[in-house]
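J.: I'd like to ask some things about the structure below.
The values are calculated or read from the model by the stated rules, or taken from the named source; none is laboratory data. Worth saying up front: this structure is predicted, and the values here are computed from it rather than measured. Here the Cβ is made from the backbone with ideal geometry for all residues, glycine too, and neighbour counts use every protein chain on show.
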Amino acid sequence: MTNRPSTPFLDSIAGPADLRRMNDTALANLADDLRAEVISAVSETGGHLGSSLGVVELTVAIHAVFDTPRDKLIFDVGHQCYPHKVLTGRRDRIRTLRQEGGLSGFTKRAESEFDPFGAAHSSTSISAALGFAVGRDLGMPTGDAIAVIGDGSISAGMAYEAMNNAGSEGRRLFVILNDNEMSIAPPVGAMSKYLSGLYASPLGDLHKMAEGFESVLPGPIRDHARRARQLVTGVQSGNAGTLFESLGFSYIGPIDGHDMTQLLPVLRAAKTRATGPVLIHVCTKKGKGYAPAEQSADKYHGVSKFNVASGEQAKSRPNAPSYTKVFGTALTVEAQHDPRIVAVTAAMPNGTGVDIMGQRFGSRVFDVGIAEQHGVTFAAGMAASGLKPFCAIYSTFLQRGYDQIVHDVALQNLPVRFAIDRAGLVGADGPTHAGSFDIGYLAALPNMVVMAAGDELELMHMVRTAAAYDAGPIAFRYPRGEGVGMELPERGEIIEIGKGRIVQEGSDVAILSLGAHLDECRKAARQLEAQGVSVTIADARFAKPLDRALIRQLLRHHKALVTVEQGAQGGFGAMVLHDLANDGLLDGRCQVRTMTLPDRYIDHAAPDVMYAEAGLTAVDIAATAMQAANIGLRRVQSPVADQG
Ligand SMILES: Cc1ncc(C[n+]2csc(CCOP(=O)(O)OP(=O)(O)O)c2C)c(N)n1
Ligand SMILES: CC(=O)[C@@H](O)[C@H](O)COP(=O)(O)O
Ligand SMILES: [Mg+2]
């Protein structure tokens, strides 16, 4: 355990109501304590530290000024909510963040009345806040609605859809733009440049502050508030604020989000005077107040446990390259062979590994910002032009681009290659980030080819296959984390579309694996073999088109056929059942079982714990095969006993 910091101001409060009794100096001191507490806690748990450190003063100020939980504070993404959790009755559990059975790393309704709206995917906060504002105006027991959204997250279309609607609704609503000039990577796009322009606007460019607004500000801070003069004027402010004002918002800012003498009076004035939607532009530093974070390139966006004194993170030494790295490297090799290959990422160049290609072929890698919908259609356009786009998006975030996949890609049969990282359960980020649904939602689409990599070599083959495949859209999925650890060639091979492979041949039961649970299937086979059961393992490779010949062969020669996938019901297993049922093949000697994620969300924990919770361990697979084959349950070894 690290040395706990001394936090007298934080120790003196039980919840946000206490903040409303503190003077401004005490609130500033409280913010210092809170920052120290967050650093200390995250050093023990890991998590999204940089974003949380950037909003310490802002979080204190909002809770001090607004009447939470009656007023609804909605953090966009929610990855910056650790100070909020500490202030809202969860300090005693803050050192359980992202651990099994502990606090979520995001806001979560089930956790606290101070989390009125759950999040983890970005750019939803303004829509949700507007919903609360309408609820209030229609008599629901709710107060003001305050959305806190980052400069990265405000690049997504959904934020503009919400502002467009909020501006025309004209209801009292607060949007606080937390502008730290960072997304996960440095932010991209015209919006980012626009915000930087606002930040650079000299005070003297602004028009006169409205009398009514000025009068509610205490004398000493009037100067700071000169930047907030548009609150009740609605007057255009030269270049500053014009976009937000055009959308119907009053624009206040920019103000220094680490200076309580600016934050508190501006929030108080806004709260007192606002009658319609207001956007308060707050400038902060990601990682503020912790030197290793401020100095790091990613501003400590997501960190593992670390040493507070040195900032050194406790990264475990990898046994094998990550799937992400294997993908990024294989893509770069393909890009070298074919100049038509381009890559698209939605604000995750490092997370998806396309930054590896970017180092060699920078002009062919496109970071579109947090804009998955646009990213998919942009890729479709590039494919229509004759390019070969690889659209690299995490499974969970690709959900955002589903209509674009259906309407712009699949329907037009355009050869967009979807590289789907973080397939399956991902661990500490929990259910919001689980890649559970892509097999089902993609395999349902005509024209779409869907592959899943059984290991990192298979991933290389799939990258090469996708690069070579021009007949229509093709997707391949692979999980978060390390591969199994194997010798890898320079370049993958092209595999035949719709053909699986036999990994080992047996005669009693067949396990048909799709994707990276292949290794778990091997463990299950060893457990079964220890019981005298002869096992075939097949790697389906394709959820679509199915290798129907392979499936029928397995069915003919075994007493049981068990499909296994790292995905939800309605995926690969369902495709197999559908296919067999339609051919009247389900009533024969061979019993068929499907093993998928269960029909519920699984809370954050280490991935193997989550898979155990899901009933998808080697023991579960072996037991299912035995039961299906009616072999009789003898003792099945536990995974701990199974060292092989
Ligand atoms: C729809 C969606 N796409 C991608 C992400 C991954 N993601 C999480 S935080 C983040 C950056 C957010 O930047 P910003 O809003 O500026 O917050 P900051 O981290 O700078 O505090 C990204 C890309 C996400 N959560 N949701
Ligand atoms: C908050 C968010 O959405 C991302 O930061 C996410 O936590 C990244 O996850 P990976 O660590 O899997 O890239
Ligand atoms: Mg940011």
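J.: Looking at (1) within 15 Å of ligand 1 (Cβ to nearest atom); (2) at positive phi; (3) touching a residue at least 60 places away in the same chain (Cβ under 8 Å), which is the one condition that is false for Gly78?
T.: Gly78 satisfies every listed condition except (3).
J.: Do you know which of the residues in region 346-365 that are within 20 Å of Tyr323 (Cβ to Cβ) and not in a helix (DSSP H, G or I) is nearest to ligand 3 (Cβ to nearest atom)?
T.: Filtering first and then ranking leaves Ala347.
J.: Counting only residues that are of a type in the set (Gly, Ala, Ser) and touching a residue at least 40 places away in the same chain (Cβ under 8 Å), give me the strands (runs of 3 or more DSSP E) lying completely in region 500-600 with at least 3 of them.
T.: 560-568
J.: State all residues of region 460-485 that are under 22 Å from the mean Cα position of the chain (by Cα), not small (Gly, Ala, Ser) and not in a loop (DSSP other than H, G, I, E, B); if no residue qualifies, say none.
T.: Phe476, Arg477, Glu482
J.: Determine which single condition Val188 fails, assuming it passes every other condition in (1) of a type in the set (Val, Ile, Thr); (2) modelled with pLDDT under 85; (3) crowded, with 21+ Cβ neighbours inside 10 Å.
T.: Result: Val188 passes all but (3).
J.: If I filter region 53-75 down to residues being touching a Gly at 6+ places or on another chain (Cβ under 6 Å) and within 26 Å of Gly139 (Cα to Cα), which single residue comes out as surrounded by the most Cβ atoms within 10 Å (Cβ to Cβ)?
T.: Here the answer is Asp71.
J.: Report every pair of residues separated by at least 6 positions or lying on different chains whose Cβ atoms are under 6 Å apart, first residue within region 325-347 and more than 17 Å from Val368 (Cβ to Cβ), second among the aromatic types (Phe, Trp, Tyr) and part of a loop (DSSP other than H, G, I, E, B).
T.: Correct list of pairs: Ala335/Phe361.
J.: In addition: I need the full set of residues from region 314-324 which are surrounded by fewer than 18 Cβ atoms within 10 Å (Cβ to Cβ), among the polar types (S, T, N, Q) and in contact (Cβ under 8 Å) with a residue 60 or more places away in the chain, in order please.
T.: Asn319
J.: Hey, can you tell me all the residues within region 166-190 that are within 29 Å of Gly135 (Cβ to Cβ) and more than 10 Å from ligand 1 (Cβ to nearest atom)?
T.: Across region 166-190, the qualifying residues are Ala166, Gly167, Ser168, Glu169, Gly170, Arg171, Arg172, Leu173, Phe174, Val175, Ile176.
J.: Looking at Val409, is it aliphatic (A, V, I, L, M), within 13 Å of ligand 1 (Cβ to nearest atom) and either farther than 28 Å from Asp579 by Cβ or crowded, with 23+ Cβ neighbours inside 10 Å (or both)?
T.: So Val409 does not fit the description; no.
J.: I've got another one for you. Determine, yes or no, whether Phe361 is of a type in the set (Phe, Trp, Tyr) and either crowded, with 23+ Cβ neighbours inside 10 Å or within 23 Å of Gly152 (Cβ to Cβ) (or both).
T.: no
J.: While we're here: Have a look at Ala159, Ala128 and point out the one that is assigned by TED's automatic domain parsing to the domain that holds Leu279, among the hydrophobic types (A, V, I, L, M, F, W, C) and surrounded by fewer than 20 Cβ atoms within 10 Å (Cβ to Cβ).
T.: Result: Ala128 is the single residue among Ala159, Ala128 that is assigned by TED's automatic domain parsing to the domain that holds Leu279, among the hydrophobic types (A, V, I, L, M, F, W, C) and surrounded by fewer than 20 Cβ atoms within 10 Å (Cβ to Cβ).
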